[in-house]
1. Ile153 versus (1) over 22 Å from Leu50 (Cβ atoms); (2) in contact with a Pro (Cβ under 8 Å, 6 or more places away or on another chain): which is the lone unmet condition?
2. Could you go through segment 184-195 and let me know if any residue there is surrounded by 12 or more Cβ atoms within 10 Å (Cβ to Cβ), part of a helix (DSSP H, G or I) and modelled with pLDDT of 80 or more.
3. For segment 54-78, which positions are in contact with a Leu (Cβ under 7 Å, 6 or more places away or on another chain), over 24 Å from Ile204 (Cα atoms) and touching a residue at least 24 places away in the same chain (Cβ under 8 Å)?
4. Would you call Leu51 closer than 28 Å to Leu210 by Cα, in contact (Cβ under 8 Å) with a residue 40 or more places away in the chain and touching a Gly at 6+ places or on another chain (Cβ under 7 Å)?
5. Please state which one of Ser135, Ser141, Ser130, Ser151 is free of Cβ contacts under 8 Å to residues at least 60 places away in the same chain, closer than 24 Å to Leu25 by Cβ and either in contact with a strand residue (DSSP E or B) (Cβ under 7 Å, 6 or more places away or on another chain) or among the hydroxyl-bearing types (Ser, Thr, Tyr) (or both).
Amino acid sequence: MVVQAPDCYGEIVSVSKKSIRVNPLQAIAALSPLERINISLTHLDHAHRLLHEAINYSEQRRAILPTLAEFWHDNMPRPVFTLLVTVTNFEVSSVCRLWDKAALPKFGLPTIAALLDDPNVLEIVEEQLSTTHQSAEVLRSELSRIDEAISTIKEIEASDQIMRVRNFRDKFIAHPLLWTYNDQKAAIELIKDGDTDALVVAAISTMTRLMSVARGEPLDYLHLQEREREESKRFFDSVKWPSDKGSLA
């Protein structure tokens, strides 16, 4: 985006403290359009790091799971089970951080969407972009990237996948709960194979669009994902695992 965001971390903390007891979306709505733009740019930088983290954990889980599956039997060794739980739980936690519900102190994609999803905000963004993009076609393309990113985030927010992943995090990772608040409202299925993968894919497409507008050039998250995949596979392929899968039981 044309305007470089100032370091507004202090501003975020100040506004957030005043809004602790206010509905998170109401707290965002109370900000001026310029405040929303500046905070969204700061959040984007943090979301970039969160996405890198999520890709990293996702590819590590993908690389190690086939090997750990060979140890899966009635007397699965405790160290192997601990490693399996650690890898999967770190991935779930990092994906949840990226897709946390909108609130000013949170750097996830839903917060960024809530900050940008306002006609007055988008009007200023258009004005800023028009100073560097003389072509109306290019300007429309940039604005459509923001619209598409916001739409994708809203779709994920309404999906069963994010509900399952968040509920799993709340119930089995963050807290030892018999049931969560959401469980009491409706029965929620356990997390399914592929849920976190789908959320990472959606985050990659969303961040690619948003960072392209914010930085003026796209970031190749797919290349980053491929690099992390190769590195994870190379590392875990080099690990010397017990040849007798039952020897650790």
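1. (1)
2. Within segment 184-195, the first condition is being surrounded by 12 or more Cβ atoms within 10 Å (Cβ to Cβ), and the residues that meet it are 188, 191-192, 195.
Those left that are additionally part of a helix (DSSP H, G or I): 195.
Next, only the ones that are modelled with pLDDT of 80 or more stay: 195.
Scanning segment 184-195 turns up at least one residue that is surrounded by 12 or more Cβ atoms within 10 Å (Cβ to Cβ), part of a helix (DSSP H, G or I) and modelled with pLDDT of 80 or more.
3. Pro77
4. Values: closer than 28 Å to Leu210 by Cα: yes; in contact (Cβ under 8 Å) with a residue 40 or more places away in the chain: yes; touching a Gly at 6+ places or on another chain (Cβ under 7 Å): no.
It is false that Leu51 is closer than 28 Å to Leu210 by Cα, in contact (Cβ under 8 Å) with a residue 40 or more places away in the chain and touching a Gly at 6+ places or on another chain (Cβ under 7 Å).
5. After applying the criteria, what remains is Ser151.
One line per residue, one yes/no per condition, for (1) among the small types (Gly, Ala, Ser); (2) under 14 Å from the mean Cα position of the chain (by Cα):
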position: Ala198; (1), (2): yes, yes
position: Thr208; (1), (2): no, yes
position: Arg215; (1), (2): no, no
position: Asp220; (1), (2): no, no
position: Arg229; (1), (2): no, no
position: Val239; (1), (2): no, no
position: Ser243; (1), (2): yes, no
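The values are calculated or read from the model by the stated rules, or taken from the named source; none is laboratory data. As the structure is a computational prediction, the values presented were derived from the model and not from experiment. Positions of Cβ are generated from backbone atoms using ideal geometry, with glycine treated the same way; all protein chains shown enter the neighbour counts.
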